[in-house]
1. Surrounded by 16 or more Cβ atoms within 10 Å (Cβ to Cβ), within 21 Å of Leu378 (Cβ to Cβ) and outside the structural domain of Tyr234 (by the TED database): is that true of Phe423 in this structure?
2. Could you tell me how many of the residues in the range 136-152 are open to solvent by 10 Å² or more (accessible area, probe 1.4 Å) and over 19 Å from Ile164 (Cα atoms)?
3. Looking at (1) open to solvent by less than 10 Å² (accessible area, probe 1.4 Å); (2) not in a helix (DSSP H, G or I), which is the only condition Ala245 fails?
4. Would you point out which residue out of Lys182, Lys226, Lys220 is within 14 Å of Trp266 (Cβ to Cβ) and in the same structural domain as Asn250 (by the TED database)?
5. When you go through (1) of a type outside the set (Ser, Thr, Tyr); (2) over 17 Å from Gly107 (Cα atoms); (3) in contact with a strand residue (DSSP E or B) (Cβ under 8 Å, 6 or more places away or on another chain) one by one for Gly295, which number turns out not to apply?
6. Before we move on, is Lys61 outside the structural domain of Gly450 (by the TED database) and surrounded by 12 or more Cβ atoms within 10 Å (Cβ to Cβ)?
7. Might you let me know whether the range 142-157 holds any residue that is under 29 Å from the mean Cα position of the chain (by Cα), at pLDDT below 95, within 30 Å of Ala281 (Cα to Cα) and outside any helix (DSSP H, G or I)?
8. Has the range 304-322 got at least one residue that is assigned to a helix (DSSP H, G or I) and basic (Lys, Arg)?
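The values are calculated or read from the model by the stated rules, or taken from the named source; none is laboratory data. No experiment lies behind these values; they were computed from the predicted model shown. Reconstructed Cβ throughout: ideal geometry from the backbone, glycine too, with neighbour counts over all protein chains shown. Each accessible area value is taken on the protein alone, full model and side chains, heavy atoms only, with ligands, DNA and RNA left out. Shrake-Rupley method; radii C 1.70, N 1.55, O 1.52, S 1.80 Å.
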Amino acid sequence: MYLTLHLVIYSISINIVYLIQLKDINVPPEHMGYIFNLFPSLAESCKVDSDCIYKNIIGYKSCWGYEPGCNKNVSYHVRPRCPGDHRGWVRTKEAQYDTFYTQADFGYVKDQIEELQVMCEASYLHDSSLECSKYLRFCRGRNLMLNFTGLIGRGDNLRYKMDILSEGQIGGYCNYYEDRLKVEAEHMSALQSWAPEMVNFIKTPYRPIFDEKCDIVIEKPTYIMKLDATVNMYHHFCDFFNLYASLHVNSTHPSTFTKDNHILIWETFTYDSAFKDAFKAFTSNKIWDLKKFRGKIACFRNVVFPLLPRMIFGLYYNTPLIYGCERSGLFHAFSKHLLHSLEIKLQTRSNDKIRVTLLSRGTTYRAILNEKEIVEALLKVKGYHVQRVVYDRTVPFTEQLEITHNTDVFIGMHGAGLTHLLFLPDWAAVFEVYNCEDPNCYSDLARLRGLKYVTWEKKNKLTQQDKGHGPGGASHAKFTNYSFDVVEFLRLVEVCAAHVRSRKDFKNFVEASMKKSVHEEL
């Protein structure tokens with residue numbers, strides 16, 4: 001059995017003892033080296049645990065990239081590449097790399113950490129504390145009071161509201177730097193910052209928890225989230241990605257990387273989504289909403305207000321990416337974290353065929369009108385294993401991930417389903433059949449994930465069904481259907497397949513799979 005590791009957090013606000021077991025650390029095995037270097041006490045516990053399977057990586061120098069003194073040479077093993085021209089953004093290749101790293105990799109996390117300012121400073125053990133990054137995009141606090149008595153009589157349709165709290169309904173006992181907080185409240189928008197909530201902060205005349213002013217006290221760490229559109233995979237996974245990034249911003253103790261916490265959704269709707277299983281990568285507890293606290297004064301020992309899905313210059317929505325760079329370690333780590341947590345694994349191969357998955361749309365617009373003809377043509381290519389899939393509510397999300405993660409070439413029209421590319425294997429290629437005049441959305445997402453990206457090149461080889469029925473009757477490329485030249489379609493798929501075949505990691509995986517199959521047969 002794993003030895004129980006007794007770790008003590010000390011902060012100016014409260015002493016908390018967490019009982020942590022190595023098996024409770026919720027990261028992929030390949031990430032444990034970074035965890036050991038971030039938290040040496042965990043490595044020490046592994047040394048004395050006869051059953052610890054990570055002894056071989058103890059002492060190996062590696063860091064995520066945001067830790068003080070982290071050298072790039074030992075930072076997260078997947079690092080950006082900048083083979084293309086930066087188009088005048090910067091003067092040197094080094095500056096191009098550094099810009100991309102800060103925009104979209106662990107450098108973004110580092111900036112959030114370095115921007116943290118104390119807004120509410122504790123002086124004694126039971127005092128409150130609050131610190132936030134610039135523009136109040138990320139905040140965390142201890143011993144804070146949130147007063148939800150104002151929700152009585154407001155109904156169950158509170159979503160994207162900026163008046164959940166009024167003045168004095170959030171606060172704590174501390175040295176409160178009000179001017180400092182108000183200066184950072186420029187991004188006053190529901191999904192851009194926590195400014196709508198934090199501008200109501202006050203210094204209370206009492207210590208909320210110690211002086212027993214709370215109707216309910218939440219002992220476990222709690223993440224309070226404001227969600228984007230939960231029906232859309234692209235937008236909802238912006239929530240999950242920013243939650244993962246926030247774990248790193250908040251990485252002051254190993255408990256951050258366990259699932260023994262609470263998640264509170266900042267609305268009164270009962271949470272539900274076709275993608276809800278993704279929350280299992282972050283918490284083992286039931287998802288809460290504001291109805292749980294209606295009419296109550298709730299106090300939180302440890303509370304985190306994570307990075308938000310529609311921040312200005314945020315991740316990955318509104319990310320201004322410098323030209324010429326690709327492959328973010330942060331996006332790679334997020335993919336591996338979620339796949340590991342949901343137990344999605346690569347399947348062994350019995351041959352070296354390229355696994356081609358065509359994602360078919362079951363919607364009114366952006367359908368491939370000659371899809372049947374295209375699939376039939378793909379099935380005739382001897383080197384392919386082809387499947388057509390529809391990812392809807394009849395297919396459990398984890399089953400969708402299983403299919404995606406075992407795909408080499410992922411094909412689909414412009415749409416939220418292409419967000420699945422985040423969970424393709426590293427060697428995979430994405431074929432966005434037609435981007436519908438939105439050229440950057442999924443090409444940038446593929447670039448962040450470090451994948452080969454292909455889209456339709458010759459408009460004279462596609463046929464648009466009609467002008468498109470956009471909002472207000474305007475013509476729009478996203479509101480119609482298309483047919484495609486079959487020969488050209490096959491050519492672009494082969495561009496993707498050739499990329500996959502050229503990848504050393506693909507070759508190694510297939511070779512290892514086939515050796516394993518032979519061994520099992522013997």
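1. Working: surrounded by 16 or more Cβ atoms within 10 Å (Cβ to Cβ): yes; within 21 Å of Leu378 (Cβ to Cβ): no; outside the structural domain of Tyr234 (by the TED database): yes.
No, not satisfied.
2. 1
3. Condition (2) is where Ala245 drops out.
4. Values: Lys182 fails: within 14 Å of Trp266 (Cβ to Cβ); Lys220 fails: within 14 Å of Trp266 (Cβ to Cβ).
The match here is Lys226.
5. It is condition (3) that Gly295 fails.
6. Taking the combined requirement at face value, the residue does not satisfy it.
7. Yes, that holds for at least one residue.
8. Step one: filter the range 304-322 for residues assigned to a helix (DSSP H, G or I), giving none.
No, because not a single residue in the range 304-322 is assigned to a helix (DSSP H, G or I) and basic (Lys, Arg).
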